[in-house]
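Just so it is clear, none of the values below were taken in a lab; they were calculated from the coordinates. Keep in mind the model is a prediction, meaning the values are calculated, not measured. Reconstructed Cβ throughout: ideal geometry from the backbone, glycine too, with neighbour counts over all protein chains shown.
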Amino acid sequence: MITRTLRAAWYLFAYQILGVALCAAVLIAMAGAAALAVTIAGFPLMIAAAAVIRGCASVERARLRQILPGRVETGYRVADRPGLVANAAVRWKDPATWREIGYLAGLFVPLAILGAVVFTVWLTIAAGVTTPIWYWAPVQHYAHGVTEHGIQLGYFPNGAHGHGAAGWYIDSLPKALLTAVVCAVLLIPASMLLVTTARAHATVARALLRAPQDPLAPARRTLERPGPLPPLLSQNDM
């Protein structure tokens, strides 16, 4: 459970950084290809842009193994004739290219927000478990020169015991121990939510970054296998 939780945490955290870079690379590549698509010089750039998109998708396919084991098949189309125009056309008419763009750029914002919220909640609760070790370190400064040590969870305009205070101020070891116990209990559902979110993210990524599945493939394989009945005898064999 701990290993899965740490893998899920790293998967979501890394996406906040790596996802930005991949999304920016895809958008820049598409913008450059679109700017020169109407010229002959645009065909090599379109091929290069498609290669950049495929490279970014390959990075995400490699990351998927942290959460969902197994190799992700791509199923890219191949040009049936040589030439820059044919190669550019087959890449940009390939549905796999647009599925990759949809994941890398189109879904980046909602996936990043979801991952950031869940990861932040989990990290905050996990940090709360260690409160007895460091609760005394933070220094809070208030009006009228009031300075206090402790962790402020709420609204304390005039200090931990001042007027208008609302919330939980951790300024003693008993309060820190109580906070750690509560966070330890909450860490279990928070970890489950973290793992579930990471698996949901990875499932969406795999669905868009793999080759499309043929829904009739099982039926085709069944029809292609030999049946249980022996072949009929012809009149020459009788």
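Restricted to region 181-215, and to residues that are among the charged types (D, E, K, R) and crowded, with 17+ Cβ neighbours inside 10 Å, which residue is farthest from Y11 (Cα to Cα)? So, considering only residues that are among the charged types (D, E, K, R) and crowded, with 17+ Cβ neighbours inside 10 Å, the one farthest from Y11 (Cα to Cα) is R210. Scanning region 99-154 for residues that are in contact with a Ser or Thr (Cβ under 6 Å, 6 or more places away or on another chain), loosely packed, with under 12 Cβ neighbours inside 10 Å and among the polar types (S, T, N, Q) returns no hits. Being aliphatic (A, V, I, L, M), farther than 26 Å from A200 by Cα and either in contact with a Gly (Cβ under 9 Å, 6 or more places away or on another chain) or touching a residue at least 40 places away in the same chain (Cβ under 8 Å) (or both) is a property that A116 lacks.
Among helices (runs of 4 or more DSSP H) entirely within region 1-99, having at least 3 residues that are under 26 Å from A198 (Cβ atoms) and over 16 Å from the mean Cα position of the chain (by Cα) singles out 2-35, 42-64. Kindly evaluate G164 against the criterion of being loosely packed, with under 12 Cβ neighbours inside 10 Å and among the small types (G, A, S). Criteria met by G164.
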